[in-house]
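The block underneath contains the structure these notes are about, expressed in structure tokens.
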Amino acid sequence: MMPPKTKGKGRKTGAQEKKKNSSPDAGAEAKHRLVLLEKELLQDHLALQRDETRRAKASEDRLKQRLQELEAELERAQSEGKAVYAEMNRQRRALQEELRTRSKHLEEEVRSRQKQLETCQREAKTAREEAEKALREQGETLAQLRAHVANMEAKYEEILHGSLDCLLAKLRAVKPQWDAAALRLHTKHKEQLRQFGLNPLDL
């Protein structure tokens with residue numbers, strides 16, 4: 001038989017309910033932090049990629065400017081002799097090769113950064129999906145627990161009412177016997193008092 005609910009138990013139930021209600025909020029906050037982390041990570045990668053591209057572009061512009069200067073000097077030096085022309089032409093080819101090499105390196109660096117960015121995006125997406133799945137499972141578990149608690153409370157209340165009804169029925173059944181026994185005992189005591197010469201009404 002379940003004991004009747006007390007005010008103390010009511011306060012405990014309220015605290016437990018408050019604790020249960022805080023679980024979805026904590027999960028939502030974790031999801032929000034995960035989204036912010038993903039956004040910050042993407043911004044960092046994009047900023048890094050922009051810086052690399054900007055530095056490479058500046059280097060390329062300097063090389064192009066130098067190449068233009070050398071070409072201009074080459075044109076002026078053509079009249080000074082084949083030896084000077086050959087040297088300037090060699091330097092021009094060397095700068096062109098360096099420019100091609102740096103351009104290739106820049107393209108490879110951009111592709112590498114892009115792959116890293118895609119990897120980070122996939123990892124962030126996977127983490128977000130796992131967090132959402134965990135939140136759904138947590139919500140389902142919480143709903144199941146609440147339904148189970150409600151079902152148990154209903155069963156306990158049903159058992160309590162049944163036990164009380166049974167106890168009252170038994171009390172009603174034995175009450176006439178108790179009344180008769182009490183009457184017999186009262187009569188016996190009165191008779192014993194009379195035997196001792198005492199009036200029960202005087203006591």
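The values are calculated or read from the model by the stated rules, or taken from the named source; none is laboratory data. Here the structure is a predicted model, which means the values were calculated and not measured. Backbone-built Cβ (ideal geometry, glycine too); neighbour counts: all protein chains shown. Accessible surface is based on the protein model in full, side chains and every heavy atom, while ligands, DNA and RNA are left aside. Shrake-Rupley method; radii C 1.70, N 1.55, O 1.52, S 1.80 Å.
Around ARG100, what is the net charge, scoring Lys/Arg as +1 and Asp/Glu as -1 over all other residues with Cβ under 14 Å from its Cβ? Don't skip to the answer; put the middle values down first.
Values: positive: LYS64, ARG92, ARG93, ARG102, LYS104; negative: GLU60, GLU97, GLU98, GLU107, GLU108.
For residues surrounding ARG100, the net value is 0.
Return one whole number: the accessible area per residue of segment 108-155 in Å², for a 1.4 Å probe.
With the other protein chains kept in place, segment 108-155 gives 74 Å² per residue.
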